[in-house]
Every structure is written in structure tokens, then in C-alpha cells.
Amino acid sequence: MQQNITCTINGKQYFLSVDVGQSLLDTLRNLGVTSVKEGCGVGECGACTVLMDNIPVDSCITLAVWADGKTIRTVEGESRDGQLSRVQQAYVDAGAVQCGFCTPGLIMTSTAFAEKHKDRKVPREEIRKGHAGNLCRCTGYETIIRAVEMCLEDSEDRDPDKD
């Protein structure tokens, strides 16, 4: 059974007809959004993490029909005018990119985390817990945590109230 939905993906509005049982992951892949990866298919690894209304979700277990009226963000939509987002750049600067399979999902989780915590210092343990839904088989966690710390430090440096 098909259902019509309207959603915004990386700033572009889409009018889609999707099968009611189709995952958001499959819908995104069918639209050519290749950063979203299917790792486990059961919401355990986080490789398919996207932001739905700025909340990280596992797109492999999220039905596409649930995206109706929502805003979806993926790695493809984070850079602007050829400039990496501050999270993407921090991953590069910290060397947090290894094989790359989990990286898009981790970047989206880190983006949501950095946006949520931009106004305060966050202990490393809280950063670890905030990324618990994302697995990296290359064990690059320390560099990922450092990348998030760099983003949060960057937010503090840009705070106009501190001047």
C-alpha cells in the first residue's frame, strides 16, 4: 500500500509516494542519498543515523511515512558552498575518519550533540554516552570524542557574550 508524504531532505522539499512498510533508509537511498549506510538493519549500529527534526534516528528502523512533515538532514546537506560543516571539519582535523563506513552516521550524531550542547562545557563521559548508539569497528572513538570537543570549543570561541 502506498502513502503520499511531504518532507524536506537537506533543504529540498520532496513529495513522495512510499510503501507504508518502506524504511526511511531505503527511501533516502532511492533518492540518491548515498551517505546513509545500512549496517545492521535493526537499529543497533548507527551507520544509518540521520537527523529528523534535529533528533538522531536510525533510518533503517524508521518508516518513511513517519517522515511526513519532517525535516531530514544527512551528511550531504551539512556542507555549504563547498565548505565542510564545523563537525565535518573537526572530524578531518582530529583524524576521526578511518574506513568511513560509520562516519556519516557518527557525524550526524555529533552534529545533533554539538548543537544541543553548544552553550556549555561537556565532560568526555557525556560525549561518549551521547554517541552510544553508534558503533565504529575501526575503534576510532578517541578521535571522534576529540572532534566533538573541538566543535564545542569552537562554539565557545564564537560566543559573542564572552567578548
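The values are calculated or read from the model by the stated rules, or taken from the named source; none is laboratory data. Given the structure is predicted, the values throughout are model-derived calculations rather than measurements. Positions of Cβ are backbone-derived with ideal geometry, glycine not excepted, and every protein chain shown enters the neighbour counts.
Some observations on this one:
- Residue in the range 95-105 that is in contact with a Gly (Cβ under 7 Å, 6 or more places away or on another chain), modelled with pLDDT of 95 or more and within 29 Å of Gln2 (Cβ to Cβ) present: yes
For (1) among the charged types (D, E, K, R); (2) assigned by TED's automatic domain parsing to the domain that holds Asn30, each residue gets a yes or a no:
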{"residue": "Val57", "(1), (2)": "no, yes"}
{"residue": "Ile61", "(1), (2)": "no, yes"}
{"residue": "Asp68", "(1), (2)": "yes, yes"}
{"residue": "Val92", "(1), (2)": "no, no"}
{"residue": "Asp119", "(1), (2)": "yes, no"}
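- Candidates Cys45, Cys40 - the one that is buried (at least 18 other Cβ atoms within 10 Å of the Cβ), assigned to a loop (DSSP other than H, G, I, E, B) and not assigned by TED's automatic domain parsing to the domain that holds Ile145: Cys45
- Residue check for Val92: free of Cβ contacts under 8 Å to residues at least 60 places away in the same chain and β-branched (Val, Ile, Thr): yes
- Test: residue in the range 133-147 that is assigned to a loop (DSSP other than H, G, I, E, B), in contact with a strand residue (DSSP E or B) (Cβ under 9 Å, 6 or more places away or on another chain) and not basic (Lys, Arg): yes
- Count of residues meeting criterion [in contact with a Lys or Arg (Cβ under 8 Å, 6 or more places away or on another chain) and either free of Cβ contacts under 8 Å to residues at least 24 places away in the same chain or of a type in the set (Lys, Arg) (or both)] in the range 7-37: 0
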